[in-house]
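Here's the structure, in structure tokens; my notes come after.
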Amino acid sequence: MSDLGGRTALIVGGSAGIGLAIAREFLAAGARVAIVARREQPLAAARQELGTAVLAYAADASDDAAVARVVDDLVRRCGRLDILVNNAAVDLQAGPLIDMPVADFDAVMRLNLRAPLLWSQCAWRASMKQHGGVILNMASLGGMMLYPDMGAYCASKAALLHLTRALAAELGPGVRVNAIAPGLIRTDMSVAAWRGEHGARFASRLPLQRLGEPEDVARSARFLASDAAAWITGETLTIDGGTAVQPGRGRSRQADGGGSAGST
């Protein structure tokens with residue numbers, strides 16, 4: 001497995017779901033880990049699970065002053081920041097995008113798009129400009145395709161993919177910047193989409209016949225953060241169990257007597 005020994009990782013949105021799984025995976029790889037979350041109770045529970053060596057910061061991930069405070073304190077304590085994971089996100093939409101209050105749209109963009117840039121800027125100035133590092137942005141399959149009543153979320157994640165490419169172009173060679181685009185992952189944030197029979201039906205249509213787990217994403221994050229991915233930057237790794245290719249899983253043309261698409 002990939003080795004992150006001696007490196008300091010900061011996971012924004014690290015108290016539950018994918019962020020917590022990444023914290024576990026990075027710890028297992030030998031990294032020193034810090035997590036950020038807005039609510040203190042889940043943050044405390046996560047730190048209790050992960051161990052007291054983990055640094056935990058209660059902060060609004062979209063607040064400029066809070067971001068600077070967290071990054072500066074972490075660099076002061078650890079000497080440098082090697083890995084930044086931008087995982088915090090929100091979906092405030094409850095209907096068609098055309099009816100969404102603009103204030104809610106702004107809030108989605110503030111956390112899902114502006115905040116990753118803000119954290120990246122602070123990490124760059126405080127440590128990565130001098131020492132190098134890795135930035136991982138948690139995007140979504142929704143940044144590549146549309147989901148009903150999730151237009152704002154999907155738009156924010158699509159923009160995050162392009163932000164990832166822009167930062168990768170600007171920050172090389174010292175800093176690598178990549179994104180991960182998960183499909184449907186079994187987390188509390190997405191519970192309405194996978195709970196009960198709906199989730200089972202969705203999974204049955206996928207080539208891999210199951211929903212994603214936070215650990216599936218965490219293992220990929222560990223790879224991208226490690227030297228095993230030393231020549232990868234500006235890329236998006238899709239982790240979706242085959243969701244994007246699922247429409248091509250109809251009956252084969254051979255079964256219908258039609259032959260292959262390339263036959264003459």
I need the helices of the chain that pass two filters: whole DSSP H segments spanning 20 Å or more by Cα along the axis, and mean Kyte-Doolittle score no lower than 1.0. none
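Given 0.36 nm per residue, what is the gain on full extension from residue 169 to residue 63 after removing their alpha carbon distance, in nm?
Working: separation 106, 0.36 × 106 = 38.16 nm, distance 2.59 nm.
Value of the extension gain: 35.6 nm.
Can you give me the relative contact order of the chain as a percent, contacts being Cα pairs under 8 Å and 6 or more apart? Write down the numbers at each step before the final one.
Details: 496 pairs, mean separation 48.9, N = 264.
Result for the chain is 19 percent.
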Matching label, percent of Cα pairs over 32 Å apart computed from the structure shown, candidates (1) 24; (2) 15; (3) 33: (1)
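Under a point-charge model restricted to the Cβ atoms of Lys and Arg (+1) and Asp and Glu (-1), what is the dipole moment magnitude of the chain relative to its Cα centre, in debye to the nearest 20? Intermediate values should be presented prior to the final figure.
On the way: 27 positive and 25 negative charges, 97 e Å.
That gives a dipole near 460 debye.
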Skipping prolines and chain starts, which residues have an amide H placed within reach, meaning under 5 Å, of the one on residue 135, given they are 5 or more residues away or on another chain? 84, 176, 177, 178
Within the under-15-Å Cβ sphere about residue 175, not counting residue 175, Lys/Arg +1 and Asp/Glu -1 give a net charge of +2
Gyration tensor over alpha-carbon atoms, the stretch 1-106, equivalent ellipsoid semi-axes in Å: 28, 15, 13
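Taken together, the values in this text are just the output of simple stated rules run on the coordinates, not laboratory data. This is a predicted model, so every value here is computed, not measured. As a convention, Cβ positions derive from the backbone with ideal geometry for all residues, glycine included, and neighbour counts pool all protein chains shown.
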